[in-house]
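This report concerns only the one structure given below.
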Amino acid sequence: MRKIFSKRFLNLLVIALLVLPIFSSLSIRAHAEDTVSVKLLSVNDLHGKIDVTGTVNDVNYGRADYLATYLKARKATNPDNTLIVHSGDMIGGSSPVSALLQDEPTVEIMEAIGFDVGTVGNHEFDEGTQELLRMVHGGDHPNGTKGYKGMNFPVVAANVEYKDTGKLVFDPYAIKEVAGVKIGFIGVATVETPNMVMASGIQDIRFTDEAAAVNKYTEELKAQGIRAIVVLAHVPGDQSGETATGQIARLANSVDSEVDVIIAAHNHVKLNAIVDNKLIVQAWEYGKSFADIDLKIDLATGDIVEKHAEIVDVIQEGVTPDPEVSAILAKYHEMVGPILKEVVGFAAIPMNGGYPIKGLIGDNALGNLIADGMNYEMKSDFALMNGGGIRDALDQGDITWEDLFNIQPFNNTLITVTIPGSALEPILNAQISSYGPDVSIGGFSYTWDSKINKVVSIYLPDGTPIDKDGTYSLTVNNYMYEHATDKYKIRQYGKNPIQGPEDLQATVNFVKSFNGPIHYEADGRISEDYKAPELADTILREADFRDGSYLHDVTVALEATDAGTGVSHIEYSLDNGVTWKRYKEVLTVNKEGKNSIQYRAIDKVHNVSETKTLEVFITSATIENAITLVKQAEGNKGIKTSLIAQLENVIKTYEKDHKNKAYQSLEKIHLRISQLSNKDLGEVDKDEIMFMLQHIIKHRTEINGNELPALKAS
């Protein structure tokens, strides 16, 4: 019996081993059929740069027709299960081919690419709530295209609501069904939006807490049986190893665990990280890259069980631009082309812009140019230009209207107010943060201390301190003036506002005013060099006489050092600081008696050193002074009386216009003194008298007066 059982057991075991691979294969196949593969392609912060190529390290990135090629190619790998989404700032701050037509060309291109859902960023509100509603739902605009129909894909925002009713401006979420599973897309915009757009345009709405809004509507989606949830968040964050930091990380940690993917935006970085088991991505800026997100969704539960992403650069080389989008670009370029190509000036060198920076030279060339143009246009004393409003750099060569538009694309207008001189310091302090200064400036310069983020000193262009009791005119743009929180304190201190033209037109007019090439550089208008130069001690040659005085004239050299931006120049004053002259090379002091020289050094950002005083005593070379020396000398009284008489006769001879005879007599007296013994005339006294007589003979100075009665400087 035992043998029969063993044989049967072995046969069953063999059969089991043969059948097992079949059941294993069926199990794997069943698992694969239980999930569906979904691809999300996401773009953020396009900013209407539909025709702009970004060049980094000689590699060309972006442009909408290349972006379209990439997105369509990726979609083709999973055509039925791919959604294209965005996380805001797709319009606003756009290139002119889009902005001149109210960004309607960008919308047309997004529709041609096939976007499925998106949210709002802060720049969607640049022209206010009503214009954004028109952009989404359609309607004609005087600057737009006729018959504009709006966006053919949903725009969602769960935390943007009307103040009066509390109702949302847009739907909080959109539900997309892919291969039988439903995916919920919740949109949120950063709560900081009111601080980044003009307050007058969004007075009717408010932005609520992002995490609270996401959690509220996640509950609604879960109640509908939806477990695959993606958040389109116009919220910034940064990469830190495999994880993320910043506001987007805090959002991830604060929202429901049912949220699987968060698509970030706003700070224009690449981000591909996991926080609290949530995949977070952000894909650079301006269509130069996109995120390719692959998901596995369980068909039974509807939940996302696998997720990973790749940030793909849109590199132009070797890629054919999408013909449909290229045709759209060509159409709109033809419409706006004439004004875009107008040459308005010539840049002698490249000029960068953006925000000022920390350091000895904090300003930048383009910011200086724009601020000076604001003063030029409004005939104002001072100008401030926010760094975020300078959106591009200026290349060397011809400057076109399009170049300047790309630099200042927001259609802001200029406003000039009057401020007391005392207000400029708190206005400047308000725009300094831990990152450094915000605004470029025109019409003045200032130094500041990054340890306390405060202004140290403010100077006018001529180097004089600002008059705190004076009144000045200050020009800003209406974004700064109408800032929701009055961050820049322009409304707090500014009075009598005067409306000006658009900021772009002011820059165009200023550039046109130059007769030749424009050469702007960072010049130290903003600097952390708040320490004054140090004056070197002045070293004079040894005095000619025992009383410390010099014969007829003495040369004075002034020196200073500066560890910061360097010494600009040294100044001196001969009238107790009433008037100052610029020291160039040497000073020659030759006025008889006590000469008092005050001097100070100024560095390249107008810091002024302490003032030092130098006193120089001069004894002029005259017969009268020689007689005084003889009278004061030690020696034989008779010899001294004789020498005095001889010197007085020289004066009389000179006054009778017998100059040659007078100098001949003086030579004889000089010879006689040289032959006197130390008993007849003290040795030191004799040397001083002979030194003076020799100088008179050699230089033929006025015998009874000063030839050079004043100070000479060169």
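The values are calculated or read from the model by the stated rules, or taken from the named source; none is laboratory data. On a predicted model such as this, the values are computed, not experimentally measured, just so you know. Positions of Cβ are generated from backbone atoms using ideal geometry, with glycine treated the same way; all protein chains shown enter the neighbour counts. In case anyone asks, the SASA skips ligands and DNA or RNA and just uses the protein heavy atoms, side chains included. Shrake-Rupley method; radii C 1.70, N 1.55, O 1.52, S 1.80 Å.
Structure values in brief
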read-out	value
Qualifying residue in segment 116-129 (condition: open to solvent by less than 30 Å² (accessible area, probe 1.4 Å), touching a helix residue (DSSP H, G or I) at 6+ places or on another chain (Cβ under 8 Å) and farther than 23 Å from A174 by Cα)	yes
Hits in segment 445-486 - residues which are among the hydroxyl-bearing types (S, T, Y) and closer than 17 Å to D381 by Cβ	S445, Y446, Y459, T464, T471, Y472, S473, T475, Y481
Within segment 602-627, tally of residues that are in a loop (DSSP other than H, G, I, E, B) and in contact with a strand residue (DSSP E or B) (Cβ under 9 Å, 6 or more places away or on another chain)	9
Test: T565 is touching a Gly at 6+ places or on another chain (Cβ under 7 Å) and hydroxyl-bearing (S, T, Y)	yes
Sole exception among (1) in a strand (DSSP E or B); (2) surrounded by 17 or more Cβ atoms within 10 Å (Cβ to Cβ); (3) under 35 Å from the mean Cα position of the chain (by Cα) for I274, by number	(2)
Hits in segment 218-243 (condition: open to solvent by less than 10 Å² (accessible area, probe 1.4 Å) and in contact with a helix residue (DSSP H, G or I) (Cβ under 8 Å, 6 or more places away or on another chain))	I229, V231, A233, H234, V235, G237
Spans of helices (runs of 4 or more DSSP H) in segment 83-169 with at least 1 residues free of Cβ contacts under 8 Å to residues at least 60 places away in the same chain, under 28 Å from I407 (Cα atoms) and in contact with a Pro (Cβ under 6 Å, 6 or more places away or on another chain)	none
Residues of segment 591-647 that turn out to be more than 58 Å from the chain's Cα centre (by Cα), open to solvent by less than 10 Å² (accessible area, probe 1.4 Å) and farther than 21 Å from L551 by Cα, as a count	0
Of the criteria (1) crowded, with 23+ Cβ neighbours inside 10 Å; (2) in a strand (DSSP E or B), which one Y286 fails	(2)
Out of E542, E528, E559, E571, sole residue that is free of Cβ contacts under 8 Å to residues at least 40 places away in the same chain and surrounded by 19 or more Cβ atoms within 10 Å (Cβ to Cβ)	E571
Matching residues in segment 50-62 - criterion: being open to solvent by 10 Å² or more (accessible area, probe 1.4 Å), closer than 9 Å to Y286 by Cβ and in contact with a Ser or Thr (Cβ under 8 Å, 6 or more places away or on another chain)	V52, Y61
Test result for E177, in contact with a Leu (Cβ under 6 Å, 6 or more places away or on another chain) and either surrounded by fewer than 23 Cβ atoms within 10 Å (Cβ to Cβ) or assigned to a helix (DSSP H, G or I) (or both)	no
Total residues in segment 454-510, condition open to solvent by less than 20 Å² (accessible area, probe 1.4 Å), closer than 17 Å to T418 by Cα and among the hydroxyl-bearing types (S, T, Y)	2
Conditions (1) over 25 Å from A291 (Cβ atoms); (2) crowded, with 18+ Cβ neighbours inside 10 Å; (3) among the aliphatic types (A, V, I, L, M): number failed by A212	(2)
